[in-house]
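The values are calculated or read from the model by the stated rules, or taken from the named source; none is laboratory data. Because the structure is predicted, anything quoted here is derived from the model rather than measured. Cβ: placed from backbone, ideal geometry, glycine included. Neighbour counts: every protein chain shown. Please note that ligands, DNA and RNA were not included when accessible areas were found on the heavy atoms of the full protein model with its side chains. Shrake-Rupley method; radii C 1.70, N 1.55, O 1.52, S 1.80 Å.
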Amino acid sequence: MSLKKPAWSGRFSDVPSEDLIVFGASLPVDKRMWRQDIAGSIVHSQMLARQGIITDKEAAAIKSGLQVIEAQIEEGSFQWAIEDEDVHMAIEQALTKLIGEDGARLHTGRSRNDQVATDTRLYLMDRVLSISRSLNALRLELIHLAEKHSAVIIPGYTHLQKAQPISIAHYYLAYAQMFARDFKRFTSAYEAADNCPLGSAALAGTSYPLDREYVADQLGFTRVSINALDSVSDRDFLLDAVYAASVCQVHLSRLSEELILWTTEEFGYLKLSDKYSTGSSIMPQKKNADFAELIRGKTGRVVGDLNSLLVTLKGLPLAYNKDMQEDKEPAFDALDTIESCIKVMTGMIAGLSLNEGRMREASTGGFMAATDLADYLVEKHLLPFRQAHEIVGNIVLTCERQGRKLQDLSIDELQGFYPGFGRDVEDALRIDKIVDARTTEGGTSRTAIAVQLEKTRQAYSLDEQLIALR
C-alpha cells in the first residue's frame, strides 16, 4: 500500500517506512474516542473564537465540518487512514480536507499531548459512569434476593468447611457490601479523571490567551489541571479505574466460584437458569456453569491489564513519551471486560433457583451447632469459654466416631459429658434459633438482617443519586 506523508513530516528529509508507520499507529485502539475528540475540538475552536484567536466564521466552519465527520463516523462511511497515526490526526486531517485552510487552524494553542489526555479523561468518565450503572443493577438484584429469601438458612463456611448456619440473605448482602465498595473505587477514578488538561499544550502551556475554565465547563469537567507538565503525563486516573476493575473482577470471581460449587450435584444448593448454562458435546447429561467459569477466568486478564499499565508507566521521565500510547489498550480491555462480566453476573444470579430443602438439610450437618453448645455452657453455667470449647470438642469427636449429629444426642448422653446440660439445651441445637441468636449489628439474625438491608438500600439510593448528578 502507498501511505501519505505524516502531518509532522515537514522537518524530515525522510520518514519511517510503511511498516514502521503501521507499527507506531494507535488508531486501531484509540479511534473509539472519536466522540470525545470531536466534542473537545468543537469546544476548543469556540473558545479560540471567543478569545479572538480565530474568527467566528472560522470557528463556525470548523464546527460544521466536525459535525459532518461525526455523522460519517456514525453511519460508518468515514475512511480511517492508518498513516494518520491516531484518532486526533485522522479527524483533523479529514476536517482540513473537507473545509480547507480553516481546518488547519483548529490545532492552534494545543498539542496532541493535552488533546489525548483530554479525550482519554472524557472517555474514561463516560465508561466509569456506565460501569457504575451496571454495578448498581447488580447491587439491586442482590438486595432483592436478600429480601426475598431472608428466611432461607444455609451453611456458612470457613476454609470451605461447614462453620455456622447463616441466612442466605446474609450471604447476598456480603456481596452487596463488596460491590458497594467497588462503586466507591470507580467513583474515585471518575473524580481523578474529572480534571481538564486542555490548554496545557505540549508540556509548558501556551502563549495564546486561552480560557481554560470555559473549555472545562463546556466539556463537563469541574476543574482545570494545575500544572501543564503533570497534565500531559498523568495517567493515575487510568490506574485508579483499572485497579477498581481488578478488585471488582476479583469479587465477581469469588461469587462465580461459589455459584460453580453450589450448583454441582455434590452441593445442590442452587440451580442455574438454562439461559446461563451450556452442555457437553459428548455427555448429554451435563449442565455446565460455563459463564461463571468465564468470569472467573477473565479475572487474570483484568489483573494483567493493571500490571501492564503499571509497568508501562514505571520509570517514564516527564513529560509525554511514546510509551504512553500503550496505556489505552489495557485500560480499554479492563473496562470492557469488567462491564460485560457485571452484566452477565446480574442476569445469572437473577435467574437462580434455590433448593431450600437441601440447604436446610446441609445446615444440620457438620456439627455447626458446636459453637452455640459451647456458648450455652458459658452463659448458663459460667464456664470459661476454653473449658466449654474442650467439652463440646469431645462431644463432636464422639459423634463423629459414631456417625451421628449433635441433634441426635439425648439429654442423658449430653449430661454424660457435662452434668449441667438441661432440657433448654435443645434451643442451642435448633438451627433457626442458632441463626436468630446472632443479633449483633452485622449478624445473621432476622433483626440484624433487617438493619443490614435498610443500610444497604440507603447506600444504594445515595449512589444512584450520585450517578444522576453526573
Cross-chain or 6+ apart pairs with Cβ under 8 Å, segment 115-126 first and within 14 Å of residue 186 (Cβ to Cβ), then at pLDDT 95 or above and not hydrophobic (A, V, I, L, M, F, W, C)
124/190; 125/190; 125/194; 125/220; 126/36
List pairs: first in segment 383-394 and more than 14 Å from residue 409 (Cβ to Cβ), second surrounded by 14 or more Cβ atoms within 10 Å (Cβ to Cβ), Cβ under 7 Å, 6+ apart or cross-chain?
383/377; 385/374; 385/378; 388/374; 388/377; 388/378; 389/374
Restricted to segment 29-53, and to residues that are out of contact with any Ser or Thr (no Cβ under 8 Å at 6 or more places or on another chain) and of a type in the set (Gly, Ala, Ser), which residue is most open to solvent (accessible area, probe 1.4 Å)?
52
Of the numbered conditions (1) surrounded by fewer than 20 Cβ atoms within 10 Å (Cβ to Cβ); (2) of a type in the set (A, V, I, L, M); (3) in contact (Cβ under 8 Å) with a residue 60 or more places away in the chain, residue 349 fails exactly one; give the number of that condition.
(1)
Residues located in segment 54-72, provided they are open to solvent by less than 40 Å² (accessible area, probe 1.4 Å) and either in contact with a Cys (Cβ under 8 Å, 6 or more places away or on another chain) or touching a residue at least 24 places away in the same chain (Cβ under 8 Å) (or both):
54, 58, 61, 62, 65, 66, 69
Residue list for segment 311-343, restricted to those being assigned to a helix (DSSP H, G or I), of a type outside the set (Lys, Arg) and open to solvent by 50 Å² or more (accessible area, probe 1.4 Å):
311, 323, 326, 329, 336, 340
Condition set farther than 15 Å from residue 35 by Cα and open to solvent by less than 50 Å² (accessible area, probe 1.4 Å), scope segment 73-92, selection nearest to the chain's Cα centre (by Cα): answer is 85
What residue, of 261, 239, 306, is out of contact with any Gly (no Cβ under 9 Å at 6 or more places or on another chain), surrounded by fewer than 21 Cβ atoms within 10 Å (Cβ to Cβ), aliphatic (A, V, I, L, M) and under 21 Å from residue 123 (Cα atoms)?
239
Which members of segment 430-470 meet the condition of being open to solvent by less than 50 Å² (accessible area, probe 1.4 Å) and hydroxyl-bearing (Ser, Thr, Tyr)?
444, 445, 456, 460
Given 126, 102, 119, which one is buried (at least 23 other Cβ atoms within 10 Å of the Cβ) and modelled with pLDDT of 95 or more?
119
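Have a look at 200, 134, 150, 167 and point out the one that is surrounded by 21 or more Cβ atoms within 10 Å (Cβ to Cβ), within 30 Å of residue 269 (Cβ to Cβ) and of a type in the set (S, T, N, Q).
Result: 167 is the single residue among 200, 134, 150, 167 that is surrounded by 21 or more Cβ atoms within 10 Å (Cβ to Cβ), within 30 Å of residue 269 (Cβ to Cβ) and of a type in the set (S, T, N, Q).
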Criterion: aliphatic (A, V, I, L, M) and farther than 20 Å from residue 158 by Cα - qualifying residue of 369, 450:
450
Could we say that residue 241 is within 30 Å of residue 47 (Cβ to Cβ) and either touching a residue at least 12 places away in the same chain (Cβ under 8 Å) or assigned to a helix (DSSP H, G or I) (or both) here?
yes
Mind counting the residues in segment 379-412 that are open to solvent by less than 70 Å² (accessible area, probe 1.4 Å), farther than 23 Å from residue 362 by Cα and at pLDDT 90 or above?
4
Meets criteria (modelled with pLDDT of 95 or more, in a loop (DSSP other than H, G, I, E, B) and among the hydrophobic types (A, V, I, L, M, F, W, C)) for residue 216
no
Can you give me the number of residues within segment 269-303 that are touching a residue at least 40 places away in the same chain (Cβ under 8 Å), more than 20 Å from residue 347 (Cα to Cα) and open to solvent by less than 50 Å² (accessible area, probe 1.4 Å)?
1
Taking segment 170-185 and keeping only residues that are open to solvent by less than 20 Å² (accessible area, probe 1.4 Å) and either at pLDDT below 95 or of a type outside the set (A, V, I, L, M) (or both), one is left with 172, 175, 179, 182, 183
So which of 246, 253, 277 is under 25 Å from residue 180 (Cα atoms) and in contact with a Lys or Arg (Cβ under 6 Å, 6 or more places away or on another chain)?
253
Kindly provide the set of residues from segment 352-367 that are crowded, with 17+ Cβ neighbours inside 10 Å and more than 22 Å from residue 144 (Cα to Cα), ordered by number.
362, 363, 364, 366, 367
